[in-house]
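Each remark here refers to the structure printed beneath this line.
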Amino acid sequence: MAVADTTQQKLITLTIDDQQISVAPGTLVVDAAKRAGIDIPVFCYHPKMEPVGMCRMCLVEVGRPVMDRATGQPVIGEDGQPQVQFGPKLETGCTVPVSEGMVVRGYTEKVKEARDEVLEFLLTSHPLDCPICDKGGECPLQNLTMKFGPGQTRFIYDEKIRLDKHVPLGDLIFLDRERCIQCARCTRFQTEIADDPVIGFSERGRKLEIVTFSDPGFDSYWSGNTTDICPVGALTTADFRFGARPWELKSVASLCTHCPVNCNTTLNTRREAKSGGKSVVKRIMPRQNELVNEIWLCDKGRFVYQYTEEANRITRALLSKNNQLEAAGWDEALGVVADKVKKSGGKLTTVVSGRLSNEDYYNLKAFTEAAKGQIALYSNMAGGDLVSQVGLGQGSNLADLGKGDAILVIASDLEEEASMWWLRVKQAAERGATLIVASPRRTKLEHDATHVVRYAYGEEAAAVHALVDSISPKRPEQTEAVKRLMTQDEVKEAAKDIAEAANLVVFYGSDGTDLAASESLAAAAANLLIATGHVGKPNNGLVAVWDKSNVQGAWELGLRPSGDLAALMKDAEVLYLVGVDPSGDDPQLATAVDSAKFVVVQELAETKTTQAADVVLPAQAFTEREGTLTSGERRVQRYYPAVPAVGEARADFTIAAQLGNLVGASLEAVSAGRVFAQLVETNEAYKGLTMERLAEVTEQWPIIGRADVYYGGTTYDNKSGLGVQVTTAAERGETPVLSFAQPLEREHGDGLLAVPVTTLYDRGNMISKSTLLHNRLQKPQVTLNPDDAERLGLEHGKSTTVTVNGVQAAVTAYIDNSVPRGTVLIPRSLGLPISGPYTLKVEA
């Protein structure tokens, strides 16, 4: 049977093990075989990285047509077929590209003998500890030895080299040096894919070993991926090490809920005695989705799940009695809340997190509207309505961007805010895409940028307006900031590349912005896309780098942040807080919570806000329920329950529905699928979606799966859904309109301008429960320019005291010459309540 790849017009036809195959030019032999379902074993080769031919496991016989030198055509034999000449030596299938008429033999005696020898040499110093090795059951070396190995060895067991075991490369990854076969997959991943060359080889020959070059050890956001692609048990993760055997685990498809990328994951669970016979999550693994996260996962998404465990959770409803929270039944708790809502006279204020599911938002909004209250999204970013209009078009895939395309990243330290997008944007730049990074300070993404545009904090929108007006002036009057920025050569060159780009994607974040600045920036970015005609089609559009996983879903369903959340909460007769911790985030919001007449908190775990509540309702974690999320790329995806609910916790949409039914509404409280069907009927963008469509899968390349973990690693293949990208208003024929509003610009008074920035390892309520990442969590800190530090008498790494919004804290001062003068960077969620630019004084 011939297998053809029709993605290219011109195909190369060859024969592998008597099977004719047609593939694209440049395809490697090992990949061509994989597409045809033929196994060529590998250790060092990985389809996501450049081939190196180190392990020699993929040796095959390769024959090529004999060419007539006079005509340049194949010599035809007596049988009417081209004559094929095989080389005297075997060739590595991972380094040889296909050619027309090539013949490959992968299972001759000569090949089998070579594979026997390769495996025999690999095992000369490999320990015989398969029964206690964490890789057992998903180990390429074990599997390939059983399939291709000699079954016996000529080497003496006592001559095996003994090397260190249980070597901590860092907090998260352990190395067993005896098991390492020196394939270099891990070091190449860190250099080629992650751009974090923090591990490498040391010594030579049989003394060759993996070492870490960073302090702290293996200091990378991507370290866990090396354990997935390691073909032996040399690298293991701290959370799963000696925790379970792969064949004991159940696998459930899920989504990462830490950022707006919504990476596809697999939750591995097991019932175990030490957990009282309950099913628990043992590890989180990547699940292949080439449209979202490919086969990778950042360490935050991989290791931060302990907050869902019972020890950290609220398991029963709580009522305040005699100024003390006491356990209560669900009927009593819901009855008290419903009674208060009925008596509030429409003065119900619901405030919701950006991490809830689409179904939660739908029912929470319906309940609030039934009670004639108001609902607000807990967020300091705006522009989701514009993303709905001119977001990425259906069929978009960042992997398709390359030469001739342009990407603008503005007001975002993308690696810290949405690591997977950083990885994919970096790769697009490596493929030739024009990358424009606009930021007041240096970020890691600039290493791959074509153009770097500098602006002052507060001039985010002005920087985009300068790009628009450099292409074609759209307004008669320009602010001084826009005029100044338009004189920069980088702005002119970036504008030219944007105008000429076949496709344009704009990412905007929250670096140094608040709600108002974010709104102005989003409008400017939408203007740029509209003015250049980059809307309403695949691989073009606006992407908001939200601070939570489903903020875009909230915007799609009509939820909006409040310009004065404190006032909104303060005036509430009933304040219903779902998945948010305002009392722990900001003293002003804490005061507003205390001022509300009656406070209901719906939450996973205890927080400062639950301590101020009159009623606490226990919610289920994402591991315990079903639902859907809408990513920043407007891809709707589905996740599934993996473990039973903790205690008496209920899904957020269920609690909202039960409250709604008590106040006269009729809401679905049991099935997330039914709620999803209802929201689809009332939302134009979601029309035609069903849970079944979200669960559909198509063949992906590279072919990754658990059947042959030697090829792509232990990443799970996707059998539970790739999701569906919803249409934008521009795609539905609605004409987006240019906004001619002047960009928001701010001037600050005396003192230093403190601006909020995002760090991946903050001290939020979710990540702070992770014992694994505890040592990696950032400490309260400020970062400032060397001139400002010298003026204040501050030294790098020394302590100082700052006061922000009435909160005084001891922080560590860091000095960075890329920070603009007069500016102090303060990370969010590290103990200082900063939600926007703020003028402060620093005490040495």
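A few points about this structure:
- Verdict on A516 being of a type outside the set (K, R), open to solvent by 40 Å² or more (accessible area, probe 1.4 Å) and assigned to a helix (DSSP H, G or I): yes
- Taking every residue in region 180-209 that is among the aromatic types (F, W, Y) and pairing it with any residue that is surrounded by 15 or more Cβ atoms within 10 Å (Cβ to Cβ) and in a helix (DSSP H, G or I), at least 6 positions away or on another chain, the pairs with Cβ-Cβ distances below 6 Å are F189/T226.
- Residue check for Q73: under 30 Å from V709 (Cα atoms), polar (S, T, N, Q) and open to solvent by 40 Å² or more (accessible area, probe 1.4 Å): no
Matching residues to (1) open to solvent by 10 Å² or more (accessible area, probe 1.4 Å); (2) over 28 Å from G723 (Cβ atoms); (3) modelled with pLDDT of 95 or more; (4) touching a strand residue (DSSP E or B) at 6+ places or on another chain (Cβ under 7 Å):
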| residue | (1), (2), (3), (4) |
| --- | --- |
| V545 | no, no, yes, yes |
| G553 | no, no, yes, yes |
| P561 | yes, no, yes, yes |
| A566 | yes, yes, yes, no |
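- Criterion (touching a Pro at 6+ places or on another chain (Cβ under 8 Å) and either small (G, A, S) or more than 30 Å from L575 (Cα to Cα) (or both)) met by exactly one of V425, V390: V390
- Boolean, A24 is open to solvent by less than 20 Å² (accessible area, probe 1.4 Å) and more than 21 Å from F189 (Cα to Cα): yes
- Selected residue (only one of D195, D215, D164 is assigned to a loop (DSSP other than H, G, I, E, B), open to solvent by less than 70 Å² (accessible area, probe 1.4 Å) and more than 23 Å from P41 (Cα to Cα)): D195
- Strands (runs of 3 or more DSSP E) wholly inside region 742-821 containing at least 2 residues that are of a type outside the set (V, I, T) and open to solvent by less than 50 Å² (accessible area, probe 1.4 Å): 752-757, 781-784, 807-815
Residue by residue, here is whether (1) open to solvent by 20 Å² or more (accessible area, probe 1.4 Å); (2) without any contact (Cβ under 8 Å) to a residue 24 or more places away in the chain; (3) of a type in the set (G, A, S); (4) in contact with a strand residue (DSSP E or B) (Cβ under 8 Å, 6 or more places away or on another chain) holds:
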{"residue": "A522", "(1), (2), (3), (4)": "no, no, yes, yes"}
{"residue": "A531", "(1), (2), (3), (4)": "yes, no, yes, no"}
{"residue": "H534", "(1), (2), (3), (4)": "no, no, no, yes"}
{"residue": "P538", "(1), (2), (3), (4)": "yes, no, no, yes"}
{"residue": "G541", "(1), (2), (3), (4)": "no, no, yes, yes"}
{"residue": "K548", "(1), (2), (3), (4)": "yes, no, no, no"}
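- Within region 434-455, considering residues that are within 26 Å of H258 (Cβ to Cβ) and of a type in the set (A, V, I, L, M), the one most open to solvent (accessible area, probe 1.4 Å): A449
- Screening the candidates A656, A669 for the property of being outside any loop (DSSP other than H, G, I, E, B), touching a residue at least 12 places away in the same chain (Cβ under 8 Å) and aliphatic (A, V, I, L, M) yields one hit, A656.
- V636 meets the stated requirement of being in a strand (DSSP E or B), aliphatic (A, V, I, L, M) and crowded, with 19+ Cβ neighbours inside 10 Å.
- Scanning region 24-53 for residues that are among the hydrophobic types (A, V, I, L, M, F, W, C), over 24 Å from I193 (Cβ atoms) and in contact with a helix residue (DSSP H, G or I) (Cβ under 9 Å, 6 or more places away or on another chain) yields one hit, I38.
- Of all residues in region 689-712, exactly one satisfies the criterion of being modelled with pLDDT of 95 or more and among the small types (G, A, S), namely A695.
- Count of region 289-303 residues which are crowded, with 24+ Cβ neighbours inside 10 Å and in a loop (DSSP other than H, G, I, E, B): 6
- Scanning region 612-633 for residues that are touching a residue at least 40 places away in the same chain (Cβ under 8 Å) and either open to solvent by 20 Å² or more (accessible area, probe 1.4 Å) or more than 23 Å from C256 (Cα to Cα) (or both) yields A613, D614, V615, V616, L617, F622, E626.
- Top-ranked residue in region 456-476 [being more than 20 Å from E519 (Cβ to Cβ) and either hydroxyl-bearing (S, T, Y) or in contact (Cβ under 8 Å) with a residue 24 or more places away in the chain (or both); ranked as surrounded by the fewest Cβ atoms within 10 Å (Cβ to Cβ)]: S472
- Strands (runs of 3 or more DSSP E) completely within region 228-286 that count 1 or more residues being open to solvent by 10 Å² or more (accessible area, probe 1.4 Å) and touching a residue at least 60 places away in the same chain (Cβ under 8 Å): 235-237, 250-255, 279-286
- Taken over region 187-232, residues that are among the polar types (S, T, N, Q), within 14 Å of L172 (Cα to Cα) and out of contact with any Ser or Thr (no Cβ under 6 Å at 6 or more places or on another chain) amount to 6.
- Among the residues of region 685-700, those that are surrounded by 13 or more Cβ atoms within 10 Å (Cβ to Cβ) and within 30 Å of C230 (Cα to Cα) comprise A695, V697, Q700.
- A Cβ distance below 7 Å, combined with a sequence gap of six or more or placement on separate chains, defines the contacts here; from region 23-51, residues that are at positive phi reach residues that are not in a helix (DSSP H, G or I) in the pairs G26/P97.
- The listed residues are C130, C183, and the only one of them that is touching a Cys at 6+ places or on another chain (Cβ under 6 Å) and either of a type in the set (D, E, K, R) or surrounded by 14 or more Cβ atoms within 10 Å (Cβ to Cβ) (or both) turns out to be C183.
- Region 590-605 - residue that is of a type outside the set (D, E), touching a residue at least 40 places away in the same chain (Cβ under 8 Å) and open to solvent by less than 30 Å² (accessible area, probe 1.4 Å) and, of those, farthest from S518 (Cα to Cα): F598
So that you can scan it fast, the table gives a plain yes or no per residue for (1) within 18 Å of A438 (Cβ to Cβ); (2) touching a Pro at 6+ places or on another chain (Cβ under 9 Å); (3) of a type in the set (A, V, I, L, M):
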{"position": "D489", "(1), (2), (3)": "yes, no, no"}
{"position": "Y508", "(1), (2), (3)": "yes, no, no"}
{"position": "T513", "(1), (2), (3)": "yes, yes, no"}
{"position": "G541", "(1), (2), (3)": "yes, no, no"}
{"position": "L557", "(1), (2), (3)": "no, no, yes"}
{"position": "A566", "(1), (2), (3)": "no, yes, yes"}
{"position": "D571", "(1), (2), (3)": "no, no, no"}
{"position": "V574", "(1), (2), (3)": "no, no, yes"}
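- Against the list (1) open to solvent by 60 Å² or more (accessible area, probe 1.4 Å); (2) out of contact with any helix residue (DSSP H, G or I) (no Cβ under 9 Å at 6 or more places or on another chain); (3) in contact (Cβ under 8 Å) with a residue 40 or more places away in the chain, the condition E490 fails is (3).
- Test: residue in region 204-211 that is under 24 Å from G712 (Cα atoms), assigned to a strand (DSSP E or B), of a type outside the set (F, W, Y) and open to solvent by less than 10 Å² (accessible area, probe 1.4 Å): yes
The values are calculated or read from the model by the stated rules, or taken from the named source; none is laboratory data. Treat the numbers as computed from the prediction; the structure is a model and nothing was measured. Cβ atoms come from the backbone with ideal geometry, glycine included; neighbour counts cover every protein chain shown. Note: accessible area is taken over every heavy atom of the protein model, side chains too, but ligands, DNA and RNA are not part of it. Shrake-Rupley method; radii C 1.70, N 1.55, O 1.52, S 1.80 Å.
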